[in-house]
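For reference, the structure is listed below as C-alpha cells.
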Amino acid sequence: MDLRQLEIFVKVAELKSFSKAAEALFLTQPTVSEHIRTLEQELGVRLLDRLGRGAEATRAGQLLVTHATRILQLQREARQAMDQFQGKLVGELAVGASTIPGEYVLPPLLGRFKEKFPDISVTLLIGDSRQVAEWIAEGKVELGVVGGRLGHRGVEYRELMPDEMVLVVSAAHPWHGREQVEIAELAGQPLLLRERGSGTRAALEASLGEAGLDLSAFRVVGEMGSTQAIKQAVKAGVGVSILSRRAIEDECRVGLMWALTVRGLHIPRSFYVATHRDRSRSPLAEAFRAFVESESV
C-alpha cells in the first residue's frame, strides 16, 4: 500500500465525496478515482460504495480507515521528530476546543504559538465538550481544551486554568446595576441554557445539585448550541443566562450586558487540556500542550 493512496482514501471516506476530496487535495477527480481503484485492486476488496455523487466506506473500508489514520499519523510524527532533531518544528496540528476556550481562550494562544513556530499549521475544531472528547478518542484531533471533564473512553484531563460562571442580563433589564440576586428571584426569570453536553451546562447542573436544586425549578425558555447565540438572545431581552465571565467581558465593558451573582449559587469551574491516555502524540502536539500550560500559569 502506498501512503499517498491511503491519504487519498482517508480523505474520500472523511468527506464522503470523490470531488470534495480531489478539491481538498488539489488533485483532479479522475486522479483520485484511479488511486482508489488501484488500492482496491491491490487489496482485493471494495473499500467505497459509489452512491450517486457521494461515497460511503464499506465495512472493509471502515476497517482500513482506522488503520490508515494511524499509519498517516505515525508518518507525520516521524517527520516532526526528524525536524525536531534538527532544531525545527514544522507540520500540521489539529486541536479541538469547546465553545468558550475555542472562541475566547485559544485564539490568542494560537497566535503567540504561531509567532514562535512560523512554519506550523494549526486547525482549530470547535464543538461541545462531548464532541471534543469523541474527536480525541477517534484520533481526529491530538488534544483539546474543554470546559468540562467527561467520562469518555481513553480521554484524560489536566487542569489548565480557572473560570467563573455568572448571571448575565441585558442592559435594559431591571437587574442592571445590582450586584446579587436570590435564587428564588432567578427562578421567576426566563432562563436560556447551553445544550446538553456543553461544559457550561454541566457546570451549572453540578452547582444546582450541590444547592439541592435542579433545572425543573426554573423557567427554561430555550436551549442554544453556542454561547454567541445566547448572548444575542440576552441582549435582545429574550431571557437571562448563566455564562462564563470570560465570554461576556467585552459586552459588559461597553455596557451591552450586565453580570451579577446569585446568592447561594457558586459556580466555579476550570478549563482542561484533554488528551488520549494511550495514543502517542506528535512532537508538535506535545510542544503546543507544554506552551498552553506554561502560558496559562
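Values as computed for the structure displayed
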quantity	calculated
Three-way shape label, the chain, alpha-carbon gyration tensor, a/c 1.5	prolate
Greater than 32 Å apart at Cα, pairs in K116/K231; K116/K140; K114/K231; K11/K116; K16/K231	K116/K231; K16/K231
Length gained when the stretch D2-T123 is fully extended (0.36 nm per residue, less Cα-Cα span)	41.0 nm
Fewest-first ranking of W135, W175, using other Cβ atoms within 10 Å as the exposure measure	W175, W135
Mean separation of Cα contacts under 8 Å (6+ apart) over length of the chain, as relative contact order %	21
Per-residue HN-Hα couplings for the stretch 64-80 [Karplus 6.51, -1.76, 1.60; θ = phi - 60°; Hz; x = Gly/Pro]	5, 4, 4, 6, 5, 4, 5, 4, 5, 5, 5, 5, 5, 5, 5, 5, 5
In order through the stretch 270-285: 3J(HN,Hα) via Karplus (6.51 cos²θ - 1.76 cosθ + 1.60), integer Hz, x for Gly, Pro	9, 9, 10, 8, 10, 9, 8, 5, 10, 6, 6, 10, 5, x, 5, 5
5 angstrom amide H check on W175, placed H, neighbours 5+ away	none
Amide hydrogen neighbours beyond the local backbone of V155, cut-off 5 Å, H modeled	R277
Euclidean distance of C-alpha centroids, the stretch 119-139 and the stretch 1-64, integer Å	23
Long-range amide H partners of L160 with built H, under 5 Å	F271, Y272, V273
Cα→Cβ-extended label distance, 7 Å offset, between Q29 and R158, nm	4.6
Table column - 3J(HN,Hα) (Hz), the stretch 3-20, Karplus curve with 6.51, -1.76, 1.60, x for Gly and Pro	4, 5, 4, 5, 4, 5, 4, 4, 5, 5, 5, 5, 8, 6, 6, 5, 5, 5
Length gained when the stretch L63-R245 is fully extended (0.36 nm per residue, less Cα-Cα span)	61.1 nm
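FYI, it's all coordinate maths here, none of it is from the lab. Here the structure is a predicted model, which means the values were calculated and not measured. Every residue, glycine as well, gets a Cβ built from its backbone with ideal geometry; the counts of neighbours run over all protein chains shown.
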